[in-house]
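Trainee: Sharing a structure with you now.
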Amino acid sequence: MGIVAEDAVNQFEALMNKVDEPLKKTFQNIHQGYPTGTLVRFLKAREWNVPKAHKMLVDCLNWRVENDIDNILAKPIVPTDLYRAVRDSQLIGLSGYTKEGLPVFAIGAGFSTFDKASVHYYVQSHIQINEYRDRVILPSASRKHGRHITSCVKVLDMTGLKLSALSQIKLLTIISTVDDLNYPEKTNTYYIVNVPYIFSACWKVVKPLLQERTRKKIQVLPGCGRDELLKIMDYASLPHFCRREGSGSSRHSGNETDNCYTLDHPFHQQLYNYIKHQASIIAPAGPYKQGSVHVHLPESAAEESDIAKTIESELQKFGNQTRLTDSLDALKVSDN
């Protein structure tokens, strides 16, 4: 750490020493014994501007207190069938670890439908996975490798992507904004694989919604990405959709032990059992309360009207391109 960076951390630390007690308590849940590393993350997110990083962190702490985020891992989504439905329509799971010990999260971006529950359940589930990663997965990886591991990598499978996925842009923007504001610098790299033709149209819509620092972390890999990903992880940690070309991110892969999306996978079983156990500690006598956690949702980074116009424009362009391709194909057939 350079002199300038060290000075920024010292200034930031002095400011954080002045915050009220409720914020100090939730700050402990964030830093997990490594306050300096957390300050550095927020400084990076605000280009090492101390006042802006301080405001960002204080806003994050207030968000956590107001929405009881510290206890969100004690609020299971019940009944189990509802949680299974969430898992089947919000495809994410832990497939393994990189050679450096970073958790590898697989995300079925193309086949995620987000149509089996309300927005609040999907946001709740997303935050719970974030918190479980930060409080359980990353500390465990740190102990195993003897060094502080603070981030993960994410592999996004675009198999099955359709332009209709843009109808979920509001939910995806909410999730992205929650991560940008409250979990900065938690993802080291985003690898995008199995990219279909329409990805470019969708990317034009999604790209402006992302922070610049997030866009710089995105790498689009050729095909299923296997060869590139094997440079940073072993075969056993590859998401199932990266193991062979055209394997895709089906909701029900042939080998259930490889399908890290399903509730039956060890990662989700451990996560769900952890949440139920935490709930039993807080309320040992009572049954689990059904109902989603209504977390305060941040405002979209872009105006919805602008998003709608962009979607309409890209749909029209794609439609024109498709009609042109069909016409050319028809001409080829008639010539033959």
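Trainee: For ASP234 and SER151 in the same chain, what is the full-extension length gain: residue separation times 0.36 nm, less their Cα-Cα distance, in nm? Please list the in-between numbers first.
Mentor: Numbers: separation 83, 0.36 × 83 = 29.88 nm, distance 1.82 nm.
Result for the pair: 28.1 nm of gain on full extension.
Trainee: Which whole-Hz couplings ³J(HN,Hα) result when phi for each residue of region 51-67 is put into the Karplus expression 6.51 cos²θ - 1.76 cosθ + 1.60, θ = phi - 60°, listed in order with x for Gly and Pro?
Mentor: Couplings: x, 5, 5, 5, 4, 4, 5, 5, 4, 4, 5, 5, 4, 5, 5, 5, 9 Hz.
Trainee: Return the long-range amide H neighbours of ALA109 (sequence gap of 5 or more, or a different chain), with a cut-off of under 5 Å between placed amide H atoms.
Mentor: Answer set, sorted by chain and number: ASP157.
Trainee: Say the cut-off is 18 Å between C-alpha atoms; which of LYS25/LYS154; LYS186/LYS231; LYS154/LYS217; LYS162/LYS204; LYS44/LYS186; LYS116/LYS204 go over it? Mind showing how you got there, number by number?
Mentor: Values: LYS25/LYS154 29 Å; LYS186/LYS231 21 Å; LYS154/LYS217 10 Å; LYS162/LYS204 14 Å; LYS44/LYS186 11 Å; LYS116/LYS204 27 Å.
Check vs 18 Å cut-off fails for LYS25/LYS154; LYS186/LYS231; LYS116/LYS204.
Trainee: How much of the accessible area of region 178-221, probe 1.4 Å, is carbon plus sulfur, in whole percent?
Mentor: Numbers: 1020 of 1960 Å².
Carbon plus sulfur share of accessible area: 52 percent.
Trainee: Taking amide hydrogens as modeled 1.01 Å from N in the peptide plane, which residues meet the under 5 Å criterion relative to THR187, leaving out close sequence neighbours?
Mentor: Excluding prolines and chain starts, which carry no amide H, the hits are CYS152.
Trainee: Measuring from label point to label point, each 7 Å out along Cα→Cβ, what is the VAL65 to GLN219 span in nm?
Mentor: Each label point lies 7 Å from its Cα, and together they span 4.1 nm.
Trainee: On to the next question. In whole Hz, what ³J(HN,Hα) sequence does region 39-44 give by Karplus (6.51, -1.76, 1.60; θ = phi - 60°), x for Gly and Pro?
Mentor: These are the phi-based 3J(HN,Hα) values: 4, 5, 4, 6, 5, 4 Hz.
Trainee: Quick check on region 59-156: of the DSSP beta bridges with both residues there, what percent are antiparallel, nearest 5%?
Mentor: Values: 5 of 9 bridges.
Looking only at bridges with both residues in region 59-156, the antiparallel portion is about 55 percent.
Trainee: So, R0 is 25 Å and r is the distance between the beta-carbons of THR36 and LYS99; what FRET efficiency does that work out to, to 0.05?
Mentor: E(calc), rounded to 0.05, equals 0.45.
The values are calculated or read from the model by the stated rules, or taken from the named source; none is laboratory data. Since the model is a prediction, treat every value here as computed from it, not as a measurement. Virtual Cβ from ideal backbone geometry, glycine too; neighbours counted across all protein chains shown. For accessibility, only protein heavy atoms count, side chains too; no ligands or nucleic acids. Shrake-Rupley method; radii C 1.70, N 1.55, O 1.52, S 1.80 Å.
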